[in-house]
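Remarks on the structure that follows.
The values are calculated or read from the model by the stated rules, or taken from the named source; none is laboratory data. Given the structure is predicted, the values throughout are model-derived calculations rather than measurements. Glycine also receives a Cβ, built like all others from the backbone with ideal geometry; neighbour counts cover every protein chain displayed.
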Amino acid sequence: MTQVTSLARSSDRATALSQLLELRPALQASNWWQELREQAAARVQEMAIPSSRDEDWRFTDLSPLLQVEFQATSARTEAIEPSSIPEAAQSCLVFVNGTFAPQLSSVEMPEGVSIASLSQSNSEHLQPYLGRQQGADEVFTSLNTASFTDAAVVQIARNAIVETPIHLVFISHTSSQAIVQPRALVVAEANSSVAIVEEYLGFGEDVYFTNAVTEIWLEANARIDHTRIQRENSAAFHIGKTAVSQDRDSHYACRAVNLGAKLSRHNLEVYQTGSQTETVMDGLTIARDNQLSDTHSILALTQPYGTSSQIHKCIVDDRAHAVFNGKVFVPKAAQKTNANQVNRNLLLSPKARVDTKPQLEIVADDVRCTHGATVGQLEADEVFYLQSRGIDAATARRLLTTAFAYEIIDRISIPSVRETLGGLISP
Amino acid sequence: MIQENSEVILTVRDLTANVDGTQILKGLNLEIKAGEIHAIMGPNGSGKSTFSKVLAGHPDYEVTGGEVIFQGQNLLELEPEERSRSGVFLAFQYPLEIPGVSNLDFLRVAFNAKRKAQGLEELDAFDFDEMVREKLDVVKMDDRFLSRSVNEGFSGGEKKRNEILQMAILEPTLAILDETDSGLDIDALKIVAGGVNQLASPQNATLLITHYQRLLNYIVPDFVHVMAAGRILRTGDKELAHELEAKGYDWVLEEAGVGV
């Protein structure tokens, strides 16, 4: 009996996935892009929406996703004011429901930067990059690759040091139950340097599903300072992939802030392809009401002399649920690696829940690696200390909670982004 | 300074209190008038620190009897923050570190909470900054301490000086210093004591809780109380502290009929 039921369920999950695939728009694309799409579509047809029996989805139950009958989406741009970053006023690329919105964008790019939507650019030279990251076979990544019709493409020329941050905004603004599949590709050529802010915004109160994929390539000695902000509306599903490849001597820093969506998952995967890379993966998740916010990170340090540090923090209130799973692989070849990983969680209510699993897999023997996780509440003594200075208990708790979050926000390099996030997290 | 006809600031009558169901304070009596400096000394476990926490309103300490009147109001009815705003200040034995909250912001929020409670206008960041910089001199602190997180990575002496800086800004009517001297080297002790002396005035009062007579060479008390077994057993002047230093506590306990 049990087996029959589980078979029935897995076939439901396969059907649900193929229904999502059927919603993909037709596309007049160049041959290679078409081929990429069809290969991904073929993979998706063999797959199903993961269940909690899949180790990677143990704590994040996607059943609610199965209960929504999703529709295809169409571009809408009325009544939208994307959040603006003054520092990136001239370098802002906006996509609405996966389609480039030129009237909302402003692309007077600094020298050395080429920024465009894939549908408008000569794309042949992107072939070695698009859809070529490790982990591209994963189910939702494949679904996106099979479905996306446009992508934000940012290329930083060799040796270009770009002082102006680049703002990529992906807005979901749909009437109801749409699936939106944004895509971005960033290529930083050798010795280049750039800051990228990737932001997901949701308008309206309707349920929708954002399935996003961003691929980032750092060539030798390149630097990318990446801020990823997820602010979907409170009914939304958000599954987002950030896949990064780092060639030798490159520096990649990601600050991922997860605030929105009813159910969200961020898959952050960094693959080292050359030695002596530096990787920073900081994260902040704030979950309230009955939000579920999941971050899964993978860092594959496969070469010698790599350095990495990761601090992921979750603040969980009400009946919300946060998940953190951080894998760090240090195989035999990765001698002299120095990797640190910390996950700290603050539970603000008795019904709040966090599942955390920092994982370090070390085979190399000449390395320095540390990891750990803490789960706690606000210290009664800290609250009392503030009260004893005349600060009321509610303000004291707010101050301490905000301070907990600021450790991550302070690491974001763009002042106006820090300020905006500061305003969003202090109620 | 003992003054004729000065106002009573604090009256404690038959105070009893529990921690985790164990009675620690067993009928404590004390009266403090404006202008006075009192010292409570006593062996470990005598209840000195419990008394300071009870006055400040720590939630882990349960008052089971007696009363505490502070400037005419029942202190025990007030929340910890209300006690602070009405003029009670506790300098902590172990000041807490609060990562992520800058010292300057912390001081400003605390200061403005008191101003607001007094019906005064809050000071803006600019005016407050100016005021704080003047107060830094009281504890000879560098202004770089202002931009750091509260007590984070501070040395023991720096933490205690930061407590006195908070006191200088909040200008309490009753300052309770819980073992502020313990663990300080002589230079830090002089700075802390100098700050406390500078802030003492005929209008306010200071209650020192200490283990060591050494502090009382720098902050000279008007009254010295010996506390043991949850009560004040003996009260004298500063000479009592010297006597305790020379002879220990046992004779006081014996005379009071309290088992050691």
Inspect all residues belonging to region A:44-52 and state whether any of them is more than 23 Å from the chain's Cα centre (by Cα) and farther than 20 Å from residue A:264 by Cβ.
yes
Filter region A:375-390 for residues that are in contact (Cβ under 8 Å) with a residue 12 or more places away in the chain and surrounded by 15 or more Cβ atoms within 10 Å (Cβ to Cβ); the one that is farthest from the other protein chains (Cβ to nearest Cβ) is A:375
Those residues of region B:55-110 which are β-branched (Val, Ile, Thr) and under 25 Å from residue A:399 (Cβ atoms) amount to B:88, B:98, B:101, B:109
If we keep only residues of region B:88-147 that are facing chain A (nearest Cβ under 8 Å) and among the aliphatic types (A, V, I, L, M), then the residue surrounded by the most Cβ atoms within 10 Å (Cβ to Cβ) is B:90
Scanning region B:41-74 for residues that are out of contact with any Pro (no Cβ under 8 Å at 6 or more places or on another chain), within 17 Å of residue B:206 (Cβ to Cβ) and within 14 Å of chain A (Cβ to nearest Cβ), the one surrounded by the most Cβ atoms within 10 Å (Cβ to Cβ) turns out to be B:55
Note on region B:39-69: residues under 14 Å from the mean Cα position of the chain (by Cα) and not aliphatic (A, V, I, L, M) are B:48, B:49, B:50, B:51, B:52, B:53, B:57, B:58
Does residue B:36 satisfy the criteria of being under 24 Å from residue B:198 (Cβ atoms) and among the acidic types (Asp, Glu)?
yes
Going through region A:9-28 in order, the residues found to be closer than 21 Å to residue A:117 by Cα and surrounded by fewer than 15 Cβ atoms within 10 Å (Cβ to Cβ) are A:25, A:26, A:27, A:28
Within region A:391-405, identify whether any single residue is more than 7 Å from chain B (Cβ to nearest Cβ) and within 21 Å of the chain's Cα centre (by Cα), and answer yes or no.
yes
Among A:31, A:97, the single one that is buried (at least 19 other Cβ atoms within 10 Å of the Cβ) and among the polar types (S, T, N, Q) is A:97
Assess whether residue B:24 counts as being surrounded by 15 or more Cβ atoms within 10 Å (Cβ to Cβ), in contact with a Leu (Cβ under 6 Å, 6 or more places away or on another chain) and modelled with pLDDT of 95 or more. no
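What strands (runs of 3 or more DSSP E) lie completely within region A:111-201 and have 1 or more residues being of a type outside the set (Gly, Ala, Ser) and either over 22 Å from residue A:226 (Cα atoms) or touching a Ser or Thr at 6+ places or on another chain (Cβ under 6 Å) (or both)? Walk me through how you get there before you give the answer.
Working: elements: A:113-117, A:152-156, A:166-172, A:183-188.
Of the strands (runs of 3 or more DSSP E) lying wholly inside region A:111-201, those with at least 1 residues that are of a type outside the set (Gly, Ala, Ser) and either over 22 Å from residue A:226 (Cα atoms) or touching a Ser or Thr at 6+ places or on another chain (Cβ under 6 Å) (or both) span A:152-156, A:166-172.
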By residue number, the members of region A:336-374 that are within 14 Å of chain B (Cβ to nearest Cβ) and out of contact with any Gly (no Cβ under 9 Å at 6 or more places or on another chain) are A:374
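Yes or no, residue by residue, for (1) among the polar types (S, T, N, Q); (2) buried (at least 22 other Cβ atoms within 10 Å of the Cβ); (3) in contact with a Lys or Arg (Cβ under 8 Å, 6 or more places away or on another chain); (4) not in a loop (DSSP other than H, G, I, E, B):
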position	(1), (2), (3), (4)
B:167	no, yes, no, yes
B:177	no, yes, no, yes
B:195	no, yes, yes, yes
B:203	yes, no, no, no
B:226	no, yes, yes, yes
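Can you say whether residue B:148 is within 29 Å of residue B:183 (Cα to Cα) and not aromatic (Phe, Trp, Tyr), as far as the supplied structure shows?
yes
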*Would you check if residue B:150 is modelled with pLDDT under 95 and buried (at least 23 other Cβ atoms within 10 Å of the Cβ)?*
yes
Does residue B:167 fit the bill of being over 13 Å from the mean Cα position of the chain (by Cα) and of a type in the set (A, V, I, L, M, F, W, C)? no
